[in-house]
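Below you'll find the structure, written out as structure tokens, and then a few comments.
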Amino acid sequence: MHIEQAKKVLKIEAQAIQNLSKRLGGEFNRAIELLAKCPGRVIVTGMGKGGIIGQKISATLSSTGTPSLFLHSAEAIHGDLGRVTKEDVVLAISNSGETEEVIRLLPLIKKIGAKLIALTGNVGSNLAKYSDVVLDVSVKREACPLGLAPTASTTATLAMGDCLAVCLLKKKGFKEENFAFYHPGGALGKRLLLKVEDIMRKGDANPLVGENMLVRDVLFEITEARAGAASVIDKAGKLSGLFTDGDLRRHLKSDSNLASRLVKDVMTKKPITISKDCLASEALRILKEKRIDEIPVVDSKRKPIGMLDVQDLLKTGIV
């Protein structure tokens, strides 16, 4: 019984969203142009469930390159209207178009000089009449069997808000780098902003050994640094090879005197390297693709300046 009811809810809400596409036209284009040319901010206002949806729309706009803030309609008529300037565009949400607190704001918004866009389910309402642009988000019925709780109507309004945000994003040429700038603390921001230089091991944590050093001494250096590999350098200080745990295991089976061998004889020659300016996400792709755990970081003269370990990448949370 519950599954059937849930399916009805999803069907009604999905249909409500699909019906929106039939109404997209000149008014929607005018809304996009108005918002794109807005020299100030997009002030989203509403009450109740509409207000909650408005908060999400405002947040989405802000995170996709359109400065926005949410203004609670009731708070606005008690002093917060001072946040609105003539440079702003107000996006007012009211399914009925007659929400008292929203309606009381309309003449004040006009007096300030801000443009007004309505998201309403009633295109004949006072809100619609006062607005410069009206976006019809009406629904045939709510998903609530009582027809009372805002369900399909709030879903449709939220979807229209997403349409506005995404179209503005594309019109403004908003890119991944811009999105990451506004999301520096999340996994996405880390994938798009974090560079190898930010997480590579360096100094004492990045053992550098000469080509003629014995394997036993190299192992001591690796252990001392608590690393998984050592960069092998030539007399000019340039990278000539890499000695890893994998090299140790491979040669240990066939060479009982491995500890007394020169590291240059058993190292991985011409190892894959990476630049400090490379994105951490790209480094992770290389490690996975090549099935390796460490990769030396070198400068333009091929001198090792760090070591990137797959465990360091995993700890950043970019996976």
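Quick notes on this structure:
- Leading residue by the ranking (surrounded by the fewest Cβ atoms within 10 Å (Cβ to Cβ)) among those in the range 290-319 that are outside any loop (DSSP other than H, G, I, E, B) and of a type in the set (D, E): D312
- Of A156, A149, all but one fail to be assigned by TED's automatic domain parsing to the domain that holds I117, closer than 21 Å to T45 by Cβ and either surrounded by 13 or more Cβ atoms within 10 Å (Cβ to Cβ) or modelled with pLDDT of 65 or more (or both); the exception is A156.
- Enumeration of residues in the range 38-56 that are under 11 Å from E87 (Cα atoms) and in contact with a Pro (Cβ under 9 Å, 6 or more places away or on another chain): C38, G40, R41, V42
- Considering residues of the range 52-102 that are over 20 Å from S125 (Cβ atoms) and among the small types (G, A, S) only, the residue farthest from the chain's Cα centre (by Cα): G79
- Pairs, first outside any helix (DSSP H, G or I) in the range 224-253, second among the polar types (S, T, N, Q) and loosely packed, with under 15 Cβ neighbours inside 10 Å, C-beta under 9 Å, six or more apart: G228/Q311
- Scanning the range 94-108 finds one or more residues that are in contact with a Phe, Trp or Tyr (Cβ under 7 Å, 6 or more places away or on another chain) and either at pLDDT below 95 or in the same structural domain as P39 (by TED's automatic domain parsing) (or both).
- Sole exception among (1) within 23 Å of I199 (Cα to Cα); (2) surrounded by fewer than 16 Cβ atoms within 10 Å (Cβ to Cβ); (3) in contact (Cβ under 8 Å) with a residue 24 or more places away in the chain for L287, by number: (2)
- Test: residue in the range 262-277 that is touching a Lys or Arg at 6+ places or on another chain (Cβ under 6 Å), basic (K, R) and surrounded by 14 or more Cβ atoms within 10 Å (Cβ to Cβ): no
- Residue that is farthest from L158 (Cα to Cα), among those in the range 53-92 that are assigned to a helix (DSSP H, G or I) and without any contact (Cβ under 8 Å) to a residue 12 or more places away in the chain: G82
- Single unsatisfied condition, V9 versus (1) surrounded by fewer than 13 Cβ atoms within 10 Å (Cβ to Cβ); (2) assigned to a helix (DSSP H, G or I): (1)
- Options K276, K269, K290; residue that is farther than 20 Å from V209 by Cα and over 27 Å from the mean Cα position of the chain (by Cα): K290
The values are calculated or read from the model by the stated rules, or taken from the named source; none is laboratory data. Bear in mind that the values here come from a model prediction, so they are computed numbers and not experimental data. Cβ coordinates were reconstructed from backbone atoms using ideal geometry, including for glycine residues, and neighbour counts include every protein chain displayed.
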